[in-house]
Amino acid sequence: MKQRLVMCMLILLLVTSGLALFPGERVYACSCVESDVQERLKTYAAVFTGEVVNKGRSQQSKHDGLLREYTFDVDTAWKGVNAKKLKILASDGGSESCGIQFEKNQSYLIYAFQYEVDHKLHTNLCSRNVPIEQAGDDLKLLGAGKLVSKEDFGETTDGRSEYIQLILYGGVILLAALAIVWIWKRKKRI
């Protein structure tokens, strides 16, 4: 009997030390910091109202868990909008992981931040996005925004800043120029 008790204690000790030495993946609950409308206007990269015209599939991200891409037809912009149709990535988990879902053909007031890993616009539960019917107080505090048409900007963007796109296009042009010079010098030697 005593030997069996000692054996059970050893097994329990091994199991608990194994759990302590090799913990599972960390899980964090969603915790949002309160902010007022003017502070959100100042800190978020894009603030606009728009209707969801496309709801993409949920996909696993390396850094952010589940993400879903939404395409918005922008009506009014206060900041950071460079196209009539704007793509936003939203955390797609439950509210405990700051996830948020938008319904197709519904309009929302959106606050989106530019994520430094992929330079795209992202949003989540803490951004305080609301259906347009519930946005009255925020809209009053935001003031008059700019009505957006495709003549103003063009049709669609994926939310990357124009600065990043300029760098990417500049790099491609530079590589093409270097390739042309290299080919020209090589032909000159022959």
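The values are calculated or read from the model by the stated rules, or taken from the named source; none is laboratory data. It should be emphasised that the depicted structure is a prediction, and the values quoted were computed from it without experimental measurement. Neighbour counts are summed over all protein chains in view; Cβ atoms, including those assigned to glycine, are modelled from backbone coordinates with ideal geometry. Areas reflect the complete protein model, heavy atoms only, side chains present, ligands, DNA and RNA absent. Shrake-Rupley method; radii C 1.70, N 1.55, O 1.52, S 1.80 Å.
When you check THR49 against the structure, is it at negative phi and at pLDDT 85 or above, yes or no?
Yes; evaluated as a whole, the condition is true for this residue.
Would you say LYS150 is among the basic types (Lys, Arg), open to solvent by 70 Å² or more (accessible area, probe 1.4 Å) and either over 24 Å from ARG40 (Cα atoms) or modelled with pLDDT under 95 (or both)?
yes
So LYS140 passes all but one of these: (1) modelled with pLDDT of 75 or more; (2) surrounded by 17 or more Cβ atoms within 10 Å (Cβ to Cβ). Which condition number does it fail?
Here LYS140 clears every test but (2).
So, of the residues in the range 52-70 that are over 22 Å from VAL130 (Cβ atoms) and over 12 Å from the mean Cα position of the chain (by Cα), which turns out to be surrounded by the most Cβ atoms within 10 Å (Cβ to Cβ)?
Going through the qualifying residues, I end up with GLN59.
State all residues of the range 85-111 that are closer than 20 Å to LYS150 by Cβ and touching a helix residue (DSSP H, G or I) at 6+ places or on another chain (Cβ under 7 Å); if no residue qualifies, say none.
If the condition is that a residue be closer than 20 Å to LYS150 by Cβ and touching a helix residue (DSSP H, G or I) at 6+ places or on another chain (Cβ under 7 Å), then SER107, TYR108 are the ones that fit.
Could you list all residues from the range 71-81 that are open to solvent by 50 Å² or more (accessible area, probe 1.4 Å) and outside any strand (DSSP E or B)?
The answer is none; no residue qualifies.
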